[in-house]
1. Based only on Cα atoms, what mean projected area does the convex hull of the range 1-43 have, in nm²?
2. Using a 7 Å offset from the Cα along the Cα-to-Cβ direction at both Ser5 and Thr126, what is the distance between the two label points in nm, to one decimal?
3. Against the globular-protein guess of 2.2 N^0.38 Å, express the Cα radius of gyration of the range 1-94 as a ratio, rounded to two decimals.
4. Students sometimes get this wrong: rank Ser38, Ser157 by accessible area, probe 1.4 Å, all chains present, largest first.
5. Relative to the present Cα-Cα distance, how much length would full extension add between Trp59 and His144 at 0.36 nm per residue of separation?
6. Compute the distance from the alpha-carbon center of the range 1-79 to that of the range 125-142, in whole Å.
Amino acid sequence: MAGYSAYSDQELVALLKQGDEHVFNEIHDRCFDALFRSAYNVLRDKDACMDIVQEVFAWFWEHREQHKMSSIKGYLLMAVKYQTANYIRSSKVRENYRLAHVEEGFSFNEESLELQELQAVIKSFTEQLPKHCREVFKMSREEHLSNKEIAEKLGISEKTVSVQIMRALSKLRGELGKMYFWVNFFM
């Protein structure tokens, strides 16, 4: 992988389009810190920023065949800015929605039907993930292990752990987005 450090963005994009995961790792290494800082400067929430950056990298990988750019970092920074703006918009919408329902006597607590349903959807989704992705995702979200700890336990690289978590989160967001659409459609 060290050989990719001298490659230009155009060369990396060409190889990325062919599905080269080592190139993806090189791009991840080159850009991760700048992307995280960009989101963190706005949100000041490490977890939210990690999710945003992972979501952008997952999207970047999934749409690798369609990318046309002169600067990978600039392209990814713009994607992070859009995702950060979407996060802020959705957070305000969720907060307003939650406050409106709390005022009406609706509350989120551990015994609420809504929370139980959400947990059931996430559990069902998790069980449908491919074996390795499911194992990594459960270790991350249920056992609260760091990427480094998961990598050590499974004997894989931290980058592989990161990619598996990104894929799982991306798919989960898609599933929850569909569910959110139908819930709102019928309300």
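The values are calculated or read from the model by the stated rules, or taken from the named source; none is laboratory data. Model, not experiment: these values are computed from the prediction. Cβ placement follows ideal geometry from the backbone for every residue including glycine, while neighbour counts extend to all protein chains displayed. Ligands, DNA and RNA are stripped out before the accessible areas are found, and what is left, the full protein with its side chains, is counted by its heavy atoms. Shrake-Rupley method; radii C 1.70, N 1.55, O 1.52, S 1.80 Å.
1. Over all viewing directions, the range 1-43 projects a mean Cα-hull area of 3.3 nm².
2. Each label point is offset 7 Å from its Cα along the Cβ direction, giving 3.8 nm.
3. Ratio of Cα Rg to 2.2 N^0.38 Å: 1.11.
4. I get Ser157, Ser38, largest accessible area first.
5. Net length gain for the segment: 28.2 nm.
6. Rounded to whole Å, the Cα centres lie 23 Å apart.
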